[in-house]
């Protein structure tokens, strides 16, 4: 009887500890563990300030998850903390009050993200590495010899390809020079399908890129056929 009672109390204690741990380590919408206070703060900052149909919260989640996958597939050692911070803040330079007309958004992000990172409690010794990854994230950027920056760059580039890339660019129609109208959006996507795969650095990203380009071209071809070769868009 005493043994049974003790076992019951022990199970209850362990369940209580597990519940507390879960409460203290919530997850993002896509299942990324927010297992530190600074991750929760950065994620909340993105939720409240960096929402957009093409480069908002969902884009950051995909970048983080795909970058992690690329690192695993290519057996690369990355700094997960740097990747998290860079993935969720790399596009903040496109949002008010951080955006500067005519300025490269990666640089504008770097000009402003230190205060966000420090306020969140991010390790200050790693801010330079976050800056480096953010500056390298775009497909046209120069990428340093750093695994974390490389996988973020490739993940961000892959997010311009495939069905998700088509969806993102079409969501910009009439709101961005890349997609001032549907025909311009289609031309942008066709250029992306040709030019962007060359910027992919990792073997894993190149393999994924080939699949996404094939899907992208098939979708674009169908869209043109259904719109009188694009004339009725």
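The values are calculated or read from the model by the stated rules, or taken from the named source; none is laboratory data. All values derive from a computational prediction rather than experimental measurement. Neighbour counts run over all protein chains shown; Cβ positions are idealised from the backbone, glycine included.
Just to be sure, is residue 81 in a helix (DSSP H, G or I), over 12 Å from the mean Cα position of the chain (by Cα) and under 14 Å from residue 43 (Cα atoms)? Please lay out each step first, then the result.
On the way: in a helix (DSSP H, G or I): yes; over 12 Å from the mean Cα position of the chain (by Cα): yes; under 14 Å from residue 43 (Cα atoms): yes.
Taking the combined requirement at face value, the residue satisfies it.
What's the total number of residues in the range 100-131 that are crowded, with 19+ Cβ neighbours inside 10 Å and either in contact (Cβ under 8 Å) with a residue 24 or more places away in the chain or closer than 24 Å to residue 37 by Cβ (or both)?
Residues that pass the stated criteria total 11.
Could you check, for the range 217-227, whether at least one of its residues is outside any helix (DSSP H, G or I) and over 19 Å from residue 66 (Cα atoms)? Show your work before the answer.
Step one: filter the range 217-227 for residues outside any helix (DSSP H, G or I), giving 226-227.
From the residues that got through so far, the ones that are over 19 Å from residue 66 (Cα atoms) too are 226-227.
So far as the range 217-227 goes, yes, one or more of its residues are outside any helix (DSSP H, G or I) and over 19 Å from residue 66 (Cα atoms).
Scan the range 179-186 and tell me whether some residue there is outside the structural domain of residue 85 (by TED's automatic domain parsing), out of contact with any strand residue (DSSP E or B) (no Cβ under 9 Å at 6 or more places or on another chain) and part of a loop (DSSP other than H, G, I, E, B).
yes
Suppose the filter is under 17 Å from residue 49 (Cβ atoms) and either outside the structural domain of residue 41 (by TED's automatic domain parsing) or out of contact with any strand residue (DSSP E or B) (no Cβ under 8 Å at 6 or more places or on another chain) (or both); does residue 82 pass it?
On the way: under 17 Å from residue 49 (Cβ atoms): no; either outside the structural domain of residue 41 (by TED's automatic domain parsing) or out of contact with any strand residue (DSSP E or B) (no Cβ under 8 Å at 6 or more places or on another chain) (or both): yes.
Against the criterion (under 17 Å from residue 49 (Cβ atoms) and either outside the structural domain of residue 41 (by TED's automatic domain parsing) or out of contact with any strand residue (DSSP E or B) (no Cβ under 8 Å at 6 or more places or on another chain) (or both)), residue 82 does not qualify.
What's the total number of residues in the range 163-178 that are part of a helix (DSSP H, G or I), touching a helix residue (DSSP H, G or I) at 6+ places or on another chain (Cβ under 9 Å) and within 18 Å of residue 56 (Cβ to Cβ)?
Residues flagged as part of a helix (DSSP H, G or I), touching a helix residue (DSSP H, G or I) at 6+ places or on another chain (Cβ under 9 Å) and within 18 Å of residue 56 (Cβ to Cβ) within the range 163-178 amount to 8.
Report, by residue number, each residue of the range 183-194 that is free of Cβ contacts under 8 Å to residues at least 24 places away in the same chain and under 20 Å from residue 142 (Cα atoms). First the steps, then the outcome.
Here is the first cut: in the range 183-194, the ones free of Cβ contacts under 8 Å to residues at least 24 places away in the same chain are 184-185, 187-188, 191, 194.
Selection gives 191, 194.
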